Structures are given as C-alpha cells and as structure tokens.
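Enquirer: Just dropping this structure here.
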Amino acid sequence: MILGNCLTVKTNFINGIISKDEVIGLLDQDRISNLENTVIITISDPEFTEEERAPIEDHYLNRFNDSLSIKFYDTVDKYINDKGEEIYPISKELVYEMKEFILKNKAKKFIINCNAGISRSAGVGLLVEYILGGFDDLYHFKTSYQDVISDHYRYSPNLAILDCLR
C-alpha cells in the first residue's frame, strides 16, 4: 500500500507504519486524509542528542484525533550504555499504557511511527493487531500467525513489545 508516496502496510486497524520524516512530510503536504478518524502512536528514543532523534512536535500531533508519544530504545535485549547503565528495551508499564490507548481508540485507524519506521513501529503495529484482532494466545500469534507486517520486506518488528504481554 502507498500512503502518500510512502510504501507501507494497511490492515483493518492500521493505515500506516512509517518513519518520523514520512509522517512530517505527509502532514506538511496534506497527504493524510481522514485525520478526524486517525490516531497516531509516535515512538522516539528516551534520550536524544540529534534533531532527527527528537520526538514529533505537538503541532503535528494535534492534527490527529488523538496521539500517544512514547519513548523506548530499539533493542530487544538489555544492554549497558556508555555511562555503565543497564538499558532495558521497554517496560511492561509502557506496553500497558499503549494497550489502554489502543483499546480507547479501537474504532479509529492507527498510524504508527518511529525514527526509521522499521522496527519499533512495526512491533507496536503487531501489538495493535494482537489486541484489536481478538487473539487469545500470544505464543500462537508470534509463531504461527501470518501477518502483513512481519511478512513485509520493509519491516523487522521489535518483538520485545509483545514479550511484555506475558
């Protein structure tokens, strides 16, 4: 599917999984339609030193029906950063915050973005599909469900997000 000029997926619940720059470009060109029925989950790094890693600005997010800005690192395992601190990919609390947002907006379409639109946003896309798709068995969903997100060559979903549901 093409959203504006961005190659992405579209499901019953998701209108696009794209990068931060693609979201901003599409909004600047008024190329996202039906914003009154669209919500956005935007993902950025917890700490950022470069403009390109900063979260999407509020004046863009306010154009959507609702928005959730979350911050977590794009890693699937904990690691030690250059300050000697243990960094975990994502907390269970953050996943449950996303779950509440998804359920609150279940009648809307989702656009999900992270910096590159490849890993974290695709992992959150799987979370949306799992929650709104009525799946009961997380193991079966992760191992057997053939979804358009995991099958799409653009995406490499961060599965640490789903692991927090256990």
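Table: residues versus (1) exposed (fewer than 13 other Cβ atoms within 10 Å of the Cβ); (2) among the acidic types (Asp, Glu); (3) over 22 Å from Ile131 (Cβ atoms).
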| site | (1), (2), (3) |
| --- | --- |
| Ser33 | yes, no, yes |
| Pro46 | yes, no, yes |
| Pro55 | no, no, yes |
| Asp82 | yes, yes, yes |
| Pro89 | no, no, no |
| Val95 | no, no, no |
| Ile102 | no, no, no |
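Enquirer: Could you check the range 67-80 and list, in sequence order, the residues that are at pLDDT 85 or above and loosely packed, with under 14 Cβ neighbours inside 10 Å?
Expert: Within the range 67-80, Ser69 is the sole residue that qualifies.
For (1) of a type in the set (Gly, Ala, Ser); (2) part of a helix (DSSP H, G or I); (3) touching a helix residue (DSSP H, G or I) at 6+ places or on another chain (Cβ under 6 Å), each residue gets a yes or a no:
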{"residue": "Asp21", "(1), (2), (3)": "no, yes, no"}
{"residue": "Arg31", "(1), (2), (3)": "no, no, no"}
{"residue": "Phe48", "(1), (2), (3)": "no, no, no"}
{"residue": "Pro55", "(1), (2), (3)": "no, no, no"}
{"residue": "His59", "(1), (2), (3)": "no, yes, no"}
{"residue": "Arg63", "(1), (2), (3)": "no, no, yes"}
{"residue": "Val76", "(1), (2), (3)": "no, no, yes"}
{"residue": "Tyr96", "(1), (2), (3)": "no, yes, no"}
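Enquirer: Follow-up question, since we're still on this one. Tell me, which residue of the range 11-31 that is surrounded by fewer than 14 Cβ atoms within 10 Å (Cβ to Cβ) and of a type in the set (D, E, K, R) is modelled with the highest pLDDT?
Expert: Checked the range 11-31; the qualifying residue modelled with the highest pLDDT is Asp28.
Enquirer: Within the set of pairs 6+ apart or on separate chains, which have a first residue in the range 22-45 that is more than 24 Å from Ser91 (Cβ to Cβ) and in contact (Cβ under 8 Å) with a residue 40 or more places away in the chain, a second that is among the aromatic types (Phe, Trp, Tyr) and crowded, with 20+ Cβ neighbours inside 10 Å, and C-beta atoms under 9 Å apart?
Expert: Sorted first by the residue in the range 22-45, then by its partner, the pairs are Ile32/Phe64; Thr38/Phe64; Thr38/Phe110.
Enquirer: Restricting to the range 124-144, give me the number of residues that are within 23 Å of Lys108 (Cα to Cα) and either crowded, with 16+ Cβ neighbours inside 10 Å or touching a residue at least 12 places away in the same chain (Cβ under 8 Å) (or both).
Expert: Matching residues across the range 124-144 total 11.
Enquirer: If we keep just the residues of the range 104-123 that are in contact with a helix residue (DSSP H, G or I) (Cβ under 6 Å, 6 or more places away or on another chain) and within 14 Å of Leu162 (Cα to Cα), which is surrounded by the fewest Cβ atoms within 10 Å (Cβ to Cβ)?
Expert: Ala122
Enquirer: Of all residues in the range 81-113, count the ones that are closer than 25 Å to Leu7 by Cβ, among the aliphatic types (A, V, I, L, M) and in contact with a Phe, Trp or Tyr (Cβ under 9 Å, 6 or more places away or on another chain).
Expert: Residues in the range 81-113 being closer than 25 Å to Leu7 by Cβ, among the aliphatic types (A, V, I, L, M) and in contact with a Phe, Trp or Tyr (Cβ under 9 Å, 6 or more places away or on another chain): 2 in total.
The values are calculated or read from the model by the stated rules, or taken from the named source; none is laboratory data. None of the values given here were measured: they were computed from a predicted structure. Glycine also receives a Cβ, built like all others from the backbone with ideal geometry; neighbour counts cover every protein chain displayed.
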